[in-house]
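Let me begin by presenting the structure, written as structure tokens, before commenting on it.
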Number of protein chains: 2
Amino acid sequence: MSEFDLIRQYFTRPPDANARIGLGIGDDCALLRAAAGCDLAISTDMLVEGRHFFAGAEPEALGHKCLAINLSDLAAMGAAPVAFTLALALPAAEPDWLAAFSRGLLALADASGCALIGGDTTRGPLTISITVFGDVPPTLALRRDAARPGDEIWVSGTLGDARLALGACLNETTLDAGQFNDASTRLHRPTPRLALGMALRGIARAAIDISDGFAGDLEHILERSGCGASVDVDALPLGPVLRSQARALQRSCTLAGGDDYELCFTAAPDRHDAVLAAAHASATPVACVGIIDALPGLRLHDATRQPYFLTQHSFDHFKTP
Amino acid sequence: MSEFDLIRQYFTRPPDANARIGLGIGDDCALLRAAAGCDLAISTDMLVEGRHFFAGAEPEALGHKCLAINLSDLAAMGAAPVAFTLALALPAAEPDWLAAFSRGLLALADASGCALIGGDTTRGPLTISITVFGDVPPTLALRRDAARPGDEIWVSGTLGDARLALGACLNETTLDAGQFNDASTRLHRPTPRLALGMALRGIARAAIDISDGFAGDLEHILERSGCGASVDVDALPLGPVLRSQARALQRSCTLAGGDDYELCFTAAPDRHDAVLAAAHASATPVACVGIIDALPGLRLHDATRQPYFLTQHSFDHFKTP
């Protein structure tokens, strides 16, 4: 099978009536038309076998996840998905693998209104790089640098079950089959919070998606906004499987877990009810977990206001120990 | 060194006054403003060590080349460069390597007016994926499907020296030091034909960049335009080093070489002088090498009108022999 046959067979879609796409797969470039009044929000991720996912990972879930984590970046800007490109290095062109991978990828693409408009395939160690494009009115984009002292800090959904499933895969933790199945779904099939991100336009100030652990990701907001925060670790919403685990494991999975793909965002306290209404409108639970303040740094405490000190850090690919 | 330090140190640029970039590196997404009357031309490539470049390749040239081949796709659409994202998997964070790689990459980015607006770095087998963005008025984009019978077929610059240098690296061919140096420059530091691509707006009909070999790339135009072509292989412009080589090697390097990053384009015969004027204005030599016709397929002949049969094919990553 040639590279061109491969692209045609697994990644070509029937041409749709999407007026935004002037030209899709098959030319030197795709052509994307701008939406009036919107900037194009652009994000890129690269996933490497053995690093971001286990060797032999189930390809349909992998196809879903590699697009989902990019869509999560759009959600964190309040952007609406439009299109994406896919660069794919494969050790071999295996039809079964490609069929399952493209099925998972394109099912989420269809469900999100995000069209595959171009890409590149090559032989190499399994590596997936997606660049995603979304629309957002520039004045309404949820940026990391927009938090202000006094803002409430919010988290969507629940945290920690993805890290718990990873721990079970690594034999750090034991889960029963039902627990493992539930937690694994969070790890392998994350849900980008697109509807919430768009509903928070004009309501939230700063936002980030939680991909490397809540504490580390919130610190990116604090650093770029030039402020600090006080967070109640007992207010962090626990995943349903994590709820039955020991307190120490709950803390490490929620604060420094990673792979949650929930949104962490801030909003002025007088927008508290508007945040709740946006959460309701987007059918996404949210929890208020702390307050932005002027003093730099992240201060954690528990429900009794006792300070809590984080020993684990969020994931960093090049961190020198 | 953490992932964030790494990005900051080697890939952060002083903020410029580019009004197109609403938000650059450092948030969940970059924000790109649309240019009035233009579509955004988008192209993605992925380069894998040991596949697209030799292990241990000189990093400054590699930084240049990985952006150049993407800019070449913009050139082939007649698009003007605006911005790009970089996804980079590295076995280790080596400061010397990163300094040289980013120097080569960003020198070409600056020279092309193409700003780095986002990316991702991770540990993994050395893999580079760039997505590039350019502006082009949609009615003037040079598409692969626009060739018409009667069009003249043109090639920019010269072909084959890059493939000749690769052959010398693989011990297929012997070159003296001066020849090897000249040919290697074509292989390692290709020049995207951006000025020519833009000058051909409204003059050329179809275009493609020659990355996998002239014959195979022209066939993409033929296939998508639903027509055929007749090409004089003796009219193909030879690279200066290739000129001193045997005829058979000249043929295989020009027709099926790859890595040329020249433009192959078609234009109506009454635009012949306009093509020459565009070439002059962009200081890019061009040669007329054949004619598009209605009969499907690519027919090659030599200067004496004797048919020439191609035995080698263009490069395909997944071709089954």
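The values are calculated or read from the model by the stated rules, or taken from the named source; none is laboratory data. Values in this document were obtained by computation on a predicted structure and should not be read as measured data. Counting neighbours? That spans all protein chains shown, and the Cβs are built from the backbone with ideal geometry, glycine included. For the accessible areas, the whole protein counts, side chains as well, though only heavy atoms, and no ligand, DNA or RNA atoms are used. Shrake-Rupley method; radii C 1.70, N 1.55, O 1.52, S 1.80 Å.
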Q | Close pairs from region B:175-201: first under 20 Å from B:Val286 (Cα atoms), partner aromatic (Phe, Trp, Tyr), Cβ under 8 Å, at least 6 apart | A | B:Pro190/B:Tyr261; B:Thr191/B:Tyr261; B:Pro192/B:Tyr261; B:Arg193/B:Tyr261; B:Leu200/B:Phe265
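Counting just the residues of region A:72-98 that are part of a helix (DSSP H, G or I) and within 11 Å of chain B (Cβ to nearest Cβ), which one comes out surrounded by the fewest Cβ atoms within 10 Å (Cβ to Cβ)? Even if it seems obvious, please write down each step before you answer.
Keep residues of region A:72-98 that are part of a helix (DSSP H, G or I), which gives A:72-77, A:95-98.
From what's left, within 11 Å of chain B (Cβ to nearest Cβ): A:72-77, A:98.
Working: A:Ser72: 27, A:Asp73: 26, A:Leu74: 31, A:Ala75: 33, A:Ala76: 36, A:Met77: 30, A:Leu98: 21.
The residue in question is A:Leu98.
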Q.
I need every pair where a residue in region A:156-168 that is more than 23 Å from A:Ala267 (Cα to Cα) has its Cβ under 6 Å from the Cβ of a residue that is among the acidic types (Asp, Glu), sequence separation at least 6 or different chains.
A. A:Ala162/A:Asp259; A:Ala162/A:Asp260
Q. What number of residues in region A:146-202 are surrounded by fewer than 22 Cβ atoms within 10 Å (Cβ to Cβ) and basic (Lys, Arg)?
A. 3
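Listed here are the residues, each with its yes/no results for (1) in a helix (DSSP H, G or I); (2) at pLDDT 95 or above; (3) open to solvent by 20 Å² or more (accessible area, probe 1.4 Å).
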residue	(1), (2), (3)
A:Leu249	yes, no, yes
A:Asp270	yes, yes, yes
A:Ala279	yes, yes, no
A:Val289	no, yes, no
Q.
All but one of (1) within 14 Å of another protein chain (Cβ to nearest Cβ); (2) within 15 Å of B:Pro149 (Cα to Cα) hold for B:Gly228; state the number of the condition that does not hold.
A. (1)
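Return the only residue of B:Ala55, B:Ala41 being facing another protein chain (nearest Cβ under 8 Å) and hydrophobic (A, V, I, L, M, F, W, C). Give the derivation first.
Numbers: B:Ala55 fails: facing another protein chain (nearest Cβ under 8 Å).
Being facing another protein chain (nearest Cβ under 8 Å) and hydrophobic (A, V, I, L, M, F, W, C) holds for just one of B:Ala55, B:Ala41, which is B:Ala41.
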Q | Leading residue by the ranking (modelled with the lowest pLDDT) among those in region A:54-71 that are touching a helix residue (DSSP H, G or I) at 6+ places or on another chain (Cβ under 8 Å) and open to solvent by 50 Å² or more (accessible area, probe 1.4 Å) | A | A:Phe54
Q: Of the numbered conditions (1) modelled with pLDDT of 95 or more; (2) outside any strand (DSSP E or B); (3) more than 25 Å from A:Met77 (Cβ to Cβ), A:Arg299 fails exactly one; give the number of that condition.
A: (2)
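Filter region A:128-140 for residues that are open to solvent by 10 Å² or more (accessible area, probe 1.4 Å) and facing another protein chain (nearest Cβ under 8 Å) and give the result. Before you say what the answer is, go through the steps one by one.
In the first step, residues of region A:128-140 are kept if they are open to solvent by 10 Å² or more (accessible area, probe 1.4 Å); the result is A:135, A:137-140.
The one that is open to solvent by 10 Å² or more (accessible area, probe 1.4 Å) and facing another protein chain (nearest Cβ under 8 Å): A:Pro138.
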Q: Please state which one of A:Arg51, A:Arg33, A:Arg8 is within 19 Å of B:Asp45 (Cβ to Cβ) and open to solvent by 50 Å² or more (accessible area, probe 1.4 Å).
A: A:Arg8
(Q) So B:Pro237 ticks every box in (1) open to solvent by 10 Å² or more (accessible area, probe 1.4 Å); (2) in contact with a strand residue (DSSP E or B) (Cβ under 7 Å, 6 or more places away or on another chain); (3) closer than 20 Å to B:Gly297 by Cα but one. Which box is left unticked? (A) (3)
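Can you tell me which residue is farthest from the other protein chains (Cβ to nearest Cβ) among those in region B:141-163 that are part of a helix (DSSP H, G or I) and under 17 Å from the mean Cα position of the chain (by Cα)?
Quick first cut of region B:141-163, residues part of a helix (DSSP H, G or I) only: B:144-146, B:161-163.
With the extra rule that they be under 17 Å from the mean Cα position of the chain (by Cα), the set shrinks to B:144, B:161-163.
Details: B:Arg144: 5, B:Asp161: 22, B:Ala162: 18, B:Arg163: 18 Å.
Result: B:Asp161.
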Q: Evaluate the following for A:Asp209: is it over 20 Å from A:Ala68 (Cβ atoms) and of a type outside the set (A, V, I, L, M, F, W, C)?
A: no
Q | Single residue of region B:99-122 satisfying the filter (small (Gly, Ala, Ser) and facing chain A (nearest Cβ under 8 Å)) that is least open to solvent (accessible area, probe 1.4 Å) | A | B:Gly118
